[in-house]
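Read through the structure below, which is laid out as structure tokens, and then see the notes.
The values are calculated or read from the model by the stated rules, or taken from the named source; none is laboratory data. Please read these numbers as outputs of a predicted model, since none were measured by experiment. Virtual Cβ from ideal backbone geometry, glycine too; neighbours counted across all protein chains shown.
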Amino acid sequence: MRGTWLRSAWVMALSVLIVASLATVAAAEVTTIRWLYPGGEQPVSQQTWKSQIERFAKVHPEIKVEVIDVPWDLAHDRIVNMVMAGDGPDLIQMGSRWIPEFAEMGALMPLDQYFGKEKMSLYYPGLVKTVTYKGKLYALPRAYSTQALIYRTDLIKNPPKTWDEVVTISKKIQSEHPGMYGLGIGGANHVSTLSQYFTILYTYGGRVFDEQGRLQLDSPEAVAALKRYVDFYRKDKIVPNPLEYNREQLPELFSAGRIAMFVSGPWGGRALGLPPDNDRIPYASAPVPAGPAGTATELVSDSTGIWAGTRNLKAALTFLDFITSPEEQVQRDLIGGLVPQGPTMATRPEFTKNPFFKTFIDMAPHGVPQPQPALWEPFQEVIVNMVQSATLGMVTPEQAVKQAVQELRAKGLVPAEKK
């Protein structure tokens, strides 16, 4: 009996050792990667990344993904601090506007050798430009938006085709509905103020920089676009004070019956929390009103790159390729109310059979990529100050643009002039 007991005990101990050894081996084979995700704490974003990680884990159990969710207003500095400390996240989700800065500081790994023509053919050419810097690919697009006009269909039978028509229709609405403005625009100290001005700028044929990074803001088109923006408030009086609102607050004014039109991305409709054909504030989308150069929209994207110092390159590349596959991109866009990122994805019936959403897809060929200054944060400050100083009447549009041009040069923000 004693011998039998000893043998049983020995077998049991050996089994425990084997199980422990296998667990150790399994643990050693799992690679953990970190993904810094600005805005990841928000409900829609959280729904997106959690479901993507769950699907990824089913096909790649050998890779564990940890998300570092950071509010957008803290994300830029958090990324810089982590990189400077040598503790960067393996994957960096970011506004593509930060790519030039991060590329110059050596924070991002060029991805050209890992993602070729087949992968890049998934995207609109203009979108690829937002993640390319000095001829190198530094990230893959993850979120993409165009702009369109959102308007009240119970008040506006035919949406305005030009900015002049916006003024005419707005004044008619205001005469018939006291207390309501025809249009809403954002001009607060916020990144969306740049999008609001740039969208008008592009319809006037203006640009901030050309494709070589040379300054183009010092142009009659830029002055005329800023004058149009300012006139909406100071001369035509068809908008509430722009400085009191950013673009993300315009849906609130729209749903409260204070404005009848605003320019936004497709999330502007989602933010209303009502379908387009609702009984209270029915709405639809239309192309951005045309300026002298026709309709246009700013192309804005978020993207994901890989930290140049990662020690988990293979795992990071595997995950990045997975979350940017067409099926994953489409699911993310549908959840987030975003524009599909390429012509093939845009043909999906989930997008094309939705009249409200289709307008934003149709705007894609009219898109102009977001400017790529040497540093985004001080660039944003210069442009916001330009818009606000002119809106307040402190300076003329001509003077505001001239001052902005001088500041961009003095602060070394012009890519082609950066030493």
GLY135: out of contact with any Gly (no Cβ under 9 Å at 6 or more places or on another chain), surrounded by fewer than 15 Cβ atoms within 10 Å (Cβ to Cβ) and over 30 Å from ASN278 (Cβ atoms), yes or no? yes
Restricting to segment 264-277, name every residue that is surrounded by fewer than 24 Cβ atoms within 10 Å (Cβ to Cβ) and touching a Leu at 6+ places or on another chain (Cβ under 8 Å). TRP267
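Quickly run through segment 214-247 and pick out the residues that are in a helix (DSSP H, G or I) and farther than 30 Å from GLY412 by Cβ.
Initially, segment 214-247 is screened for residues in a helix (DSSP H, G or I), giving 220-234, 242-244, 247.
Result: ASP231, PHE232, TYR233, ARG234, GLU244.
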When you check ALA416 against the structure, is it surrounded by fewer than 17 Cβ atoms within 10 Å (Cβ to Cβ) and touching a Phe, Trp or Tyr at 6+ places or on another chain (Cβ under 8 Å), yes or no? yes
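Scan segment 323-338 residue by residue and report those that are part of a loop (DSSP other than H, G, I, E, B) and free of Cβ contacts under 8 Å to residues at least 40 places away in the same chain. Steps first, answer last, please.
Keep residues of segment 323-338 that are part of a loop (DSSP other than H, G, I, E, B), which gives 324-325, 337-338.
Within segment 323-338, SER325 is the sole residue that qualifies.
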So if I check each of ALA346, ALA284, which one is without any contact (Cβ under 8 Å) to a residue 24 or more places away in the chain and buried (at least 18 other Cβ atoms within 10 Å of the Cβ)? ALA346
Mind checking whether some residue in segment 168-179 is at pLDDT 95 or above, in contact with a helix residue (DSSP H, G or I) (Cβ under 8 Å, 6 or more places away or on another chain) and assigned by TED's automatic domain parsing to the domain that holds PHE379? no
Is there a residue being in contact with a helix residue (DSSP H, G or I) (Cβ under 8 Å, 6 or more places away or on another chain), without any contact (Cβ under 8 Å) to a residue 40 or more places away in the chain and not polar (S, T, N, Q) anywhere in segment 395-403? yes
Every residue from segment 199-213 that is modelled with pLDDT of 95 or more and either in a loop (DSSP other than H, G, I, E, B) or within 23 Å of ALA260 (Cβ to Cβ) (or both): THR199, ILE200, THR203, TYR204, GLY205, GLY206, ARG207, VAL208
Can you find a residue in segment 72-89 that is at pLDDT below 90 and surrounded by fewer than 21 Cβ atoms within 10 Å (Cβ to Cβ)? yes
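From TYR204, TYR197, grab the single residue that is aromatic (Phe, Trp, Tyr), assigned by TED's automatic domain parsing to the domain that holds VAL263 and over 19 Å from SER301 (Cβ atoms). Steps first, please.
Working: TYR197 fails: over 19 Å from SER301 (Cβ atoms).
That would be TYR204, the only listed residue that is aromatic (Phe, Trp, Tyr), assigned by TED's automatic domain parsing to the domain that holds VAL263 and over 19 Å from SER301 (Cβ atoms).
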Are any residues in segment 20-71 over 13 Å from MET94 (Cα atoms), surrounded by 17 or more Cβ atoms within 10 Å (Cβ to Cβ) and either small (Gly, Ala, Ser) or at pLDDT below 90 (or both), and if so, which ones? SER45, THR48
Would segment 187-208 turn up any residue that is more than 18 Å from LYS402 (Cα to Cα), surrounded by fewer than 24 Cβ atoms within 10 Å (Cβ to Cβ) and without any contact (Cβ under 8 Å) to a residue 12 or more places away in the chain? no
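Yes/no matrix, rows are residues, columns are (1) modelled with pLDDT under 95; (2) under 28 Å from PRO160 (Cα atoms); (3) of a type in the set (D, E, K, R); (4) in a strand (DSSP E or B):
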residue	(1), (2), (3), (4)
ARG311	no, no, yes, no
LEU317	no, no, no, no
ASP321	no, no, yes, no
PRO340	yes, yes, no, no
In segment 262-278, the residues that are part of a loop (DSSP other than H, G, I, E, B) and either in contact (Cβ under 8 Å) with a residue 24 or more places away in the chain or more than 20 Å from the chain's Cα centre (by Cα) (or both): GLY265, PRO266, GLY273, LEU274, PRO275, PRO276, ASP277, ASN278
Consider THR130 carefully, then state whether it is crowded, with 24+ Cβ neighbours inside 10 Å and not aromatic (Phe, Trp, Tyr). yes
With GLN329, GLN399, GLN406 as the choices, which residue is assigned by TED's automatic domain parsing to the domain that holds MET109, out of contact with any strand residue (DSSP E or B) (no Cβ under 6 Å at 6 or more places or on another chain) and either at pLDDT 95 or above or buried (at least 19 other Cβ atoms within 10 Å of the Cβ) (or both)? GLN329
Quick check on segment 279-297. Is at least one of its residues under 30 Å from HIS76 (Cα atoms) and within 23 Å of the chain's Cα centre (by Cα)? yes
For PRO378, state whether it is assigned by TED's automatic domain parsing to the domain that holds ARG152 and either assigned to a helix (DSSP H, G or I) or crowded, with 18+ Cβ neighbours inside 10 Å (or both). yes
